[in-house]
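**Student:** Starting off with a structure, shown below.
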Amino acid sequence: MVLSAACGPLNGGLPGHPALPKVAPGGLELEWKEGKVAMTALVESTPLKLYFHPFASFCQKVLIVFYENHVPFEPIIVDLADEASRTAFEAVWPIARFPVLRDDARDRLVPESSVIIEYLDLYYPGPTRLVPDDADAALTTRMRDRFFDFYVSEPMQKIVTDRIRPAGKADPHGVEAAKRLLQTAYVMLDREMATRTWAIGEAFTLADCAAAPALFYSNWVMPFGEYKNVAAYFSRLSERTSFAQVVEEARPYRHLFPK
């Protein structure tokens with residue numbers, strides 16, 4: 001079955017819209033419909049189904065890999081605020097946290113962003129290897145992946161979710177602790193990125209897939225400011241075609257971000 005998902009404008013050459021590409025990474029065809037881009041799978045069927053939301057950082061982490069390596073998949077957007085959507089997703093994964101990958105060809109259900117990326121790298125590899133073959137480099141990659149998930153994404157999410165707590169239920173102590181942790185991560189990352197192109201060196205890996213959305217949102221809650229190497233690294237990530245597409249697809253959902 002061919003599925004479509006709406007996304008925002010992309011930079012790139014549809015007829016009448018030379019700034020929009022006809023074909024995007026991941027086996028998706030772009031078509032201008034009613035003032036926005038429609039993203040349509042080019043294949044009639046694919047064994048891979050991704051349950052996700054375009055605005056969720058850990059989902060974006062996985063989407064980067066699909067687009068980076070041109071892996072076709074069936075996008076299934078989950079809206080946890082919609083009872084029918086949530087119920088359908090819980091039938092697949094009762095934990096009800098995304099992203100989750102379903103591989104019909106191998107009869108496997110794969111949750112958790114890092115595990116999904118390693119699974120794709122193993123069974124659906126592309127030109128960009130996300131986990132190096134060298135054992136030491138692979139350990140470093142996984143460590144950097146954890147760094148961005150635990151010390152950038154996690155405190156960022158604490159700061160953001162505190163904004164939507166009910167009146168009288170705010171956690172200022174927890175928010176201050178999260179800000180301190182995030183600033184410490186910036187200090188460490190700024191030092192390390194002084195001599196690196198990507199998270200572990202010159203190769204784009206799993207760690208950079210974790211870094212891109214984490215830094216995108218963390219810069220909203222705590223701007224990079226004096227951390228010039230962090231800012232330069234994020235600029236390189238933003239220029240990566242795969243991540244640029246992820247950002248544009250999430251643009252229509254920016255109103256969901258708590259102020």
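The values are calculated or read from the model by the stated rules, or taken from the named source; none is laboratory data. Note that this is a predicted model, so its numbers are computed, not measured. Counting neighbours? That spans all protein chains shown, and the Cβs are built from the backbone with ideal geometry, glycine included.
**Student:** Which residues, counting only those in the range 71-108, are assigned to a loop (DSSP other than H, G, I, E, B) and under 28 Å from THR128 (Cβ atoms)?
**Tutor:** Within the range 71-108, VAL71, PRO72, PHE73, VAL78, TRP93, ARG97, PHE98, PRO99, ASP104, ALA105, ARG106, ASP107 qualify.
**Student:** Another question, if that's okay. ARG191 is checked against (1) over 22 Å from the mean Cα position of the chain (by Cα); (2) at pLDDT 95 or above; (3) under 20 Å from PHE257 (Cβ atoms) and fails just one. What number does that condition carry?
**Tutor:** The number of the failed condition is (3).
**Student:** Since MET143 meets every condition but one in (1) surrounded by 13 or more Cβ atoms within 10 Å (Cβ to Cβ); (2) closer than 22 Å to VAL230 by Cβ, which condition does it not meet?
**Tutor:** Failed condition: (1).
**Student:** I'm checking my understanding of the structure. Among residues of the range 101-149 that are among the aliphatic types (A, V, I, L, M) and in contact with a Ser or Thr (Cβ under 7 Å, 6 or more places away or on another chain), which one is farthest from PHE66 (Cα to Cα)?
**Tutor:** By that ranking, first place goes to VAL131.
**Student:** Now for a different question. Scan the range 83-99 and give yes if some residue there is over 19 Å from VAL115 (Cβ atoms), at pLDDT below 95 and over 19 Å from the mean Cα position of the chain (by Cα), otherwise no.
**Tutor:** No, there is no match, as no residue in the range 83-99 is over 19 Å from VAL115 (Cβ atoms), at pLDDT below 95 and over 19 Å from the mean Cα position of the chain (by Cα).
**Student:** Show the residue pairs that are 6+ apart or on different chains and have beta-carbon atoms under 6 Å apart, the first residue being within the range 51-68 and closer than 16 Å to THR241 by Cβ and of a type in the set (Phe, Trp, Tyr), the second being in a loop (DSSP other than H, G, I, E, B) and modelled with pLDDT under 95.
**Tutor:** PHE66/GLY26; TYR67/PRO25; TYR67/GLY26
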